[in-house]
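First up is the structure itself, then whatever we jot down about it.
The values are calculated or read from the model by the stated rules, or taken from the named source; none is laboratory data. Here the structure is a predicted model, which means the values were calculated and not measured. When we count neighbours, we look across all protein chains shown, and the Cβ atoms used for this are built from the backbone with ideal geometry, even at glycine.
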Amino acid sequence: MTIRVLPPEVAAKIAAGEVVERPASVVKELIENAIDAGATEIRIEVRQGGKRLIRVADNGCGIPSAEVELAFARHSTSKLSSVEDLTRIITLGFRGEALASIAAVSHLTMLTRPADEPVGSYLRLEGGNIINREGRGCPVGTMVTVENLFYNIPARLKFLRSETTERQHIDQLITRYAMAYPQLRFSVTHEGRLTFQSTGSGQLSDVLIKVYGLEVAGQMLAVSSSQPRAEDGPSEDGQEPRVSGYVSVPTLHRANRDHLTFFVNGRWVRDRMLTHAVEQAYHTLLPVGRHPLAVLRVDLAPAELDVNIHPAKSEVKFLHSERVFATVQKAVRRTLVEQAPIPVISPQSGQWTAADWERRQALITADRERLPTQLALDAQRPGEFLTPAQQAEDKLPPLRVLGQVARTYIIAEGPSGLYLIDQHAAHERILYEQLIAQKEQSPAQALLEPTILELTPDQIAVMEEQLPVLTRLGFTIEPFGGSTYLVRAVPAVLVGTDLRQALAGIVDELAEGRMSPLAHEREKRVIASVCKQAAIKAGQVLSDEELRELIRQLEATTMPRTCPHGRPTMIHLSQAQLEREFGRR
Ligand code: ADP
Ligand code: MG
């Protein structure tokens, strides 16, 4: 094919696609415009998950009648006039693309009036073309109605998810903005029913109650505003970034990172660095694989920030990202230390690694009411952990099962003393060796109904990366548009688990830490994380028969003493140790 310039309507649709991915993107752009217009009240009306209708009405400054049409021209904006302005953006919009993009792919009407004009302007566009314009009476402010989104892009329309899913995206977005702007009154109706309303009181805690409910909101801690402190060292040029908002107490946590919400200079952003800073502040305080809730606002000089990264404006680049990281991490950590009771950790010999501790915490939390018995506590004394060197290639002697403790550990007797075996870790080891052995033809199980996975941006990145490995292991996973994936088959070991949870767990685990560049190392890690999901959990009651079978299979493994993640599967109390402890020697 020869090179040709695209016809304008094709170019416009392509450009629109970058801004408007789904109904929630329309809501986002319209809300941002209302905020930029100085509105104090923003009403959002949605029908059929936004596919049928999205209406955003504000009481902001309105658009002068002479400029209404210009607002829909591509790259027309009242918020920016020079390249230098890009370094001092304080508005949410600046690209002048949103209205043009939305209008290009929908039927759109605008009704708007500034305070100093007696009549409002009414404008109707279809596919970006103005088809009607007239004067009309209306209150001061702007109302934009978007109907039949993507009516002229069937490909995009096809990829939209169910009404429920699109509606959830919209709700999540609106509640985020309501949290970022507690001084504004937001209200949302779906099919004419009011489903969310913020008071506009200016108190973030009021919005948290509306978004998360009283119980959860009551467990959120206000982040102590981070006045620069002496021990933080002097800030370099200009100001220290400021952090404010709320974070969850360590006992409140979630399985994914969806509840980490960040606003940078009032703009909702996705940002791995900020996520990481918060999670690091919780280091060792949360059970493994669990994530905190946070609503944090970071403010810094506009020149410290590049907001012009992506048409959807949901990513930013920090000029001094280490400094932002440190400020956020310290502010959250300080909040937790000062306000949340932290369990006192005092292992006698300091031989426990952080991982040991985290694992123990996770088990205790998972099984809070069933505290380990005194025997288990004694045996968990740090000094009793064997070093990996001792364990290598150390086959297990035949063991006689005595019972289960705290629904988590198996007690067994062997020729040389007592064994306490972690049922989950042991099962992980068993499954791991089985899967490694059959790697080339792992039995896969087709699902009668495909499982639908809705992934976060972080998870999608991992999924795309590891899809070949997952496929080799027996998964059949297909992208299904946007953040959705269809799972049609899984490795047989996963049958019977909660698949959605298991898959999310696998993807989340892979998202953490660096992936080895070596293919076989990567594969091992993926296998290990599959095993973690498939394995019997702590807290699960096992029959005598099941206990014996588990131990029998563990005896057959080549490395019975560690789980695939390298943690111990068992604690061995030798005959000699028992005698010493009881003062017999
Ligand atoms: P941007 O927000 O990047 O400037 P948009 O396409 O979203 O670009 O909007 C174009 C212009 O239309 C804005 O710069 C603003 O002047 C005007 N505008 C859009 N929405 C509103 C609104 N709700 N109230 C007042 N003015 C608005
Ligand atoms: Mg805008």
Exercise for the section: Would you mind finding the one in GLU428, GLU433, GLU465 that is modelled with pLDDT under 85 and not β-branched (Val, Ile, Thr)? Expected result: GLU465
Completion exercise
Inside the stretch 16-40, the number of residues satisfying the requirement of being under 18 Å from GLY266 (Cβ atoms), away from ligand 1 (no atom under 12 Å from the Cβ) and either surrounded by fewer than 22 Cβ atoms within 10 Å (Cβ to Cβ) or more than 25 Å from the chain's Cα centre (by Cα) (or both) is 1
Fill in the blank from the handout: Subset of the stretch 77-99, residues within 11 Å of ligand 1 (Cβ to nearest atom), of a type outside the set (A, V, I, L, M, F, W, C) and in contact (Cβ under 8 Å) with a residue 40 or more places away in the chain, comes to LYS79, THR91, GLY93, ARG95, GLU97
Handout entry: Flag if LEU92 is buried (at least 18 other Cβ atoms within 10 Å of the Cβ) and either under 20 Å from LEU53 (Cα atoms) or at pLDDT 95 or above (or both)
Key = no
Exercise for the section: Count, please, the residues in the stretch 17-49 that happen to be at negative phi and either of a type in the set (Ser, Thr, Tyr) or within 16 Å of ligand 2 (Cβ to nearest atom) (or both). Expected result: 22
Practice task
Please state which one of ILE130, ILE102 is within 16 Å of ligand 1 (Cβ to nearest atom), closer than 18 Å to ALA16 by Cβ and over 34 Å from the mean Cα position of the chain (by Cα).
Solution key: ILE130
Handout entry: Hits in the stretch 449-499 - residues which are more than 26 Å from ILE536 (Cα to Cα) and either assigned to a strand (DSSP E or B) or among the aliphatic types (A, V, I, L, M) (or both)
Key = ILE460, ALA461, GLU478, PRO479, THR484, TYR485
Completion exercise
Residues of the stretch 544-585 being in contact with a strand residue (DSSP E or B) (Cβ under 9 Å, 6 or more places away or on another chain) and either assigned to a loop (DSSP other than H, G, I, E, B) or β-branched (Val, Ile, Thr) (or both), in sequence order, are ILE551, PRO560, ARG561, THR562, CYS563, ARG567, THR569, ILE571
Problem - Of all residues making up the stretch 61-86, the number that are more than 15 Å from ligand 2 (Cβ to nearest atom), polar (S, T, N, Q) and surrounded by fewer than 16 Cβ atoms within 10 Å (Cβ to Cβ) - result: 2
Fill in the blank from the handout: Note on the stretch 54-76: residues touching a residue at least 40 places away in the same chain (Cβ under 8 Å), near ligand 1 (Cβ under 7 Å from one of its atoms) and out of contact with any strand residue (DSSP E or B) (no Cβ under 7 Å at 6 or more places or on another chain) are CYS61
Practice task
Go through the stretch 29-144 and tell me which strands (runs of 3 or more DSSP E), entirely inside it, have 1 or more residues that are of a type in the set (Gly, Ala, Ser).
Solution key: 53-58, 120-126, 129-136
Exercise for the section: Select from the stretch 289-321 the residues that are among the charged types (D, E, K, R) and touching a helix residue (DSSP H, G or I) at 6+ places or on another chain (Cβ under 9 Å) and write down the one among them that is nearest to ALA504 (Cα to Cα). Expected result: ARG290
